[in-house]
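Here's the structure, in C-alpha cells; my notes come after.
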Amino acid sequence: TQLLEQSPQFLSIQEGENLTVYCNSSSVFSSLQWYRQEPGEGPVLLVTVVTGGEVKKLKRLTFQFGDARKDSSLHITAAQPGDTGLYLCAAKSTGGGNKLTFGTGTQLKVEL
Amino acid sequence: NAGVTQTPKFQVLKTGQSMTLQCAQDMNHEYMSWYRQDPGMGLRLIHYSVGAGITDQGEVPNGYNVSRSTTEDFPLRLLSAAPSQTSVYFCASSYRGSTEAFFGQGTRLTVV
C-alpha cells in the first residue's frame, strides 16, 4: 500500500501569514493532486501536478512536485480566513485505473 | 447539473442493523468509488467500479457490499453495522483515465 504522509497535521495561523504544507512518500507517482475540503462538504480538486519539478500557481497558492516525483508541497502566501479547511494530497494508486490514495490531511485554521 | 448526490446526509444505526447509502451522479462518469474518512487518516477506499456491472475491492472492503447496475448509481450496503463503521462516507466519480474525482457531500454515519 502506498502511503502519503502530510505535515503538519494541524496548523493555526493569523491572517496575512505564509505557510507550507508537505506531502511525502517513499513511492514514485505519475501525478499528484491537492484537494481542499470545507466542513460538511466533499473534497474539491485544486490542482494536479504531473512533471517532476513542476510548479503551479493558483492565485496565492503555489504547488510544487518534487524532482523525483515522491513529494509535493503547497505554499500559501498571505493566508486569509477563507483558506481555512482540510488540505489533502492524493496520488494515483498502482495497479492502474482511477484509484486514488489520499494523504493524512492538514487541517488549516486562519484567524483574523 | 447536480454532480454527485449522496443520501442520507446523516444516519444513526444500532449495532447489527443494515442499511444502504445511496450515491448518484449525472455526469456520465464511468468510474465511481466509495471512501470513508476518519480523523487523522485521510480518505480510505472501500470499493470502486470502472463501469456498470464491474466492481472491485479497495483498501478497507470488509463489512461493505456494492453493486453497479447502471452508470448513474453506486449504492453502498452495510450488512451488519458495527461501531467501527462510524465514519463519514464519501462517494466520488470520474471519467475513465482522469484522476480528477468529483465528490458528494458525504454521509455521516454513527453506529451505536
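Close amide-amide hydrogen proximity is noted between residue B:81 and B:16, B:17, B:18, each under 5 Å apart and 5 or more residues distant or on a separate chain (H modeled in the peptide plane; Pro and chain starts excluded). Largest first, the residues A:12, B:98 sort by 1.4 Å accessible area into A:12, B:98. Computed with a 1.4 Å probe over protein heavy atoms only, the accessible area of residue B:56 comes to about 80 Å².
The distance from the alpha carbon centre of region A:13-69 to that of region B:97-112 is 20 Å, rounded to a whole number.
Across peptide B:42-51, the average count of Cβ atoms from other chains found within 10 Å of a residue's Cβ is 4. Sorted into 10 angstrom bins from 0, the C-alpha pair distances of the protein assembly as shown split as 8, 33, 35, 20, 5, 0 percent.
Within the assembled protein chains, the solvent-accessible surface assigned to residue B:54 is about 90 Å², based on a 1.4 Å probe. Residues A:101, B:20 ordered from highest to lowest accessible area at a 1.4 Å probe: B:20, A:101.
Shape class of chain A from the Cα gyration tensor (axes a ≥ b ≥ c, square roots of the eigenvalues): prolate, since a/c reaches 1.5 or more and a/b is larger than b/c.
Look at the stretch A:38-45: the mean tally of other chain Cβ atoms within 10 Å of its residues' Cβ atoms is 6. Applying the Karplus relation 6.51 cos²θ - 1.76 cosθ + 1.60 with θ = phi - 60° to region B:43-50 yields 3J(HN,Hα) values of 10, 10, 6, 9, 9, 9, 9, 9 Hz, where x marks Gly and Pro. For peptide A:98-111, the mean count of partner chain Cβ atoms within 10 Å of a residue's Cβ comes to 5. Out of every Cα-Cα pair that region B:5-112 contains, those further apart than 19 angstrom amount to 37 percent. Modelled spin labels at residue A:3 and residue B:65, positioned 7 Å past Cα toward Cβ, are 3.4 nm from each other. Annotation: residue B:41 carries an accessible surface of approximately 90 Å², with a 1.4 Å probe and no ligand, DNA or RNA atoms counted. Listed values for region A:71-85 are Karplus-derived 3J(HN,Hα) couplings in whole Hz (6.51 cos²θ - 1.76 cosθ + 1.60, θ = phi - 60°), namely 8, 8, 9, 10, 10, 10, 9, 6, 4, 10, x, x, 7, 4, x, and x replaces Gly and Pro. Near residue A:98, no amide H atom lies under 5 Å from its own; only residues 5 or more places off or on other chains count, and H is placed 1.01 Å from N. The count of lysine pairs in region A:16-112 whose Cα atoms are under 26 Å apart, excluding pairs fewer than 8 places apart on the same chain, comes to 13.
The values are calculated or read from the model by the stated rules, or taken from the named source; none is laboratory data. Just so you know, these numbers come straight off a predicted model, no measurement behind them. Counting neighbours? That spans all protein chains shown, and the Cβs are built from the backbone with ideal geometry, glycine included. We work out accessible area using only protein heavy atoms, side chains counted, and drop any ligands, DNA or RNA first. Shrake-Rupley method; radii C 1.70, N 1.55, O 1.52, S 1.80 Å.
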